[in-house]
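Written below as structure tokens is the structure these notes are about.
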Amino acid sequence: MIRPAVPEDIPQLVDIWLRASLLAHDFIPAAFWHERADDMARIYLPGAETYVLEAAGRAVGFAALNGDHLEALFIDPELQSFGHGTHLMAYAMGQRERITLCVYSRNVRAVSFYRRLGFRVVEERPEPLSGEDETLMAWAR
């Protein structure tokens, strides 16, 4: 089931975000992610249109949109590769005519995932906070 996030979801969503970020972005120091957890809880998730994917009565992932920009798509690392991310993206894509997103270029798995969903690369540029290259991607119905 996919539903809008409520404030009570935030701690669990931040936990999913942190564990998944550490796993997917091992090329960035762990401290970078830990230092941003509070902002994720206080600013980013509450300020976004966030949808939670539930399975067996608990959150297993989420998608956060800011207008037509996908700010975050994260699945509990223990439950990745079961189609949950595809399910969440299909839902998000059903809500919009177009979506943009940024993904770290070295996160080849994520870049490939979005390409399979029909996203195209718009540009590659440095991400200001980490200094790592990121790929801007776009999709339109």
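Values quoted throughout were computed directly from the atomic coordinates according to the rules given, and no laboratory measurement underlies them. Note that the structure is a prediction, hence the values are computed from the model and not measured. Please note: Cβ atoms are built from the backbone with ideal geometry, for glycine as well, and neighbour counts cover all protein chains shown.
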Which members of the range 122-136 meet the condition of being among the β-branched types (Val, Ile, Thr) and surrounded by 14 or more Cβ atoms within 10 Å (Cβ to Cβ)?
Thr135
Residues satisfying the stated conditions in the range 23-80, i.e. farther than 19 Å from Glu134 by Cα, aromatic (Phe, Trp, Tyr) and in contact with a Lys or Arg (Cβ under 8 Å, 6 or more places away or on another chain)
Tyr51
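Return the only residue of Leu53, Leu70, Leu13 being outside any strand (DSSP E or B), under 14 Å from the mean Cα position of the chain (by Cα) and surrounded by 18 or more Cβ atoms within 10 Å (Cβ to Cβ). Let's see the steps before the verdict.
Details: Leu53 fails: outside any strand (DSSP E or B); Leu70 fails: outside any strand (DSSP E or B).
None of the others qualify; the one that does is Leu13.
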Could you tell me which residue of the range 22-50 is surrounded by the fewest Cβ atoms within 10 Å (Cβ to Cβ), considering only residues that are free of Cβ contacts under 8 Å to residues at least 12 places away in the same chain and of a type in the set (A, V, I, L, M)?
Ala31
Looking for something of a type in the set (Phe, Trp, Tyr) and surrounded by 16 or more Cβ atoms within 10 Å (Cβ to Cβ) - is there at least one such residue anywhere in the range 78-87?
no
